[in-house]
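Peer 1: I'd like to ask you about the structure that follows.
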Amino acid sequence: MQRYLWQQAGGRRHVYDTERDIAAPGRALVALCGEVVTPTVDDITGLWLDRTCLACDREVRVRLGFPADEIPPVPALEGAK
Ligand SMILES: [Zn+2]
């Protein structure tokens, strides 16, 4: 099993650490971006149509040791878009 997995919750697709959290409906988890989000039943079983959390996307690349040219710059604060 991969250590870091994507999970839609709270209106975005975040990444979480499977050594810390388990994705389950109604169970809060700490995303790599620092947000605490709680997936709904639809988030677990449904289609993932929400946008990607750019902070999680960046953080998981750093943790997995991606080459520097594949690590995007720190995203602008959410809400600035
Ligand atoms: Zn996130």
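Peer 1: Criterion first (open to solvent by less than 80 Å² (accessible area, probe 1.4 Å) and at pLDDT 95 or above) does Gly46 satisfy it?
Peer 2: Against the criterion (open to solvent by less than 80 Å² (accessible area, probe 1.4 Å) and at pLDDT 95 or above), Gly46 does not qualify.
Peer 1: Quick one: in the stretch 4-24, of everything that is in a loop (DSSP other than H, G, I, E, B) and free of Cβ contacts under 8 Å to residues at least 24 places away in the same chain, which residue is most open to solvent (accessible area, probe 1.4 Å)?
Peer 2: My answer is Arg20.
Peer 1: Kindly indicate the residue of the stretch 30-53 that is part of a strand (DSSP E or B) and of a type in the set (A, V, I, L, M) and also nearest to the chain's Cα centre (by Cα) among those meeting that condition.
Peer 2: For the stretch 30-53, the residue satisfying everything is Ala31.
Peer 1: Search the stretch 1-33 for residues being more than 12 Å from the ligand (Cβ to nearest atom) and hydrophobic (A, V, I, L, M, F, W, C), and hand back the single one that is farthest from Leu47 (Cα to Cα).
Peer 2: Met1
The values are calculated or read from the model by the stated rules, or taken from the named source; none is laboratory data. Since the model is a prediction, treat every value here as computed from it, not as a measurement. Note: ideal-geometry Cβ built from the backbone for every residue, glycine included; neighbour counts use all protein chains shown. Only protein heavy atoms, including side chains, enter the accessible area calculation; ligands, DNA and RNA are left aside. Shrake-Rupley method; radii C 1.70, N 1.55, O 1.52, S 1.80 Å.
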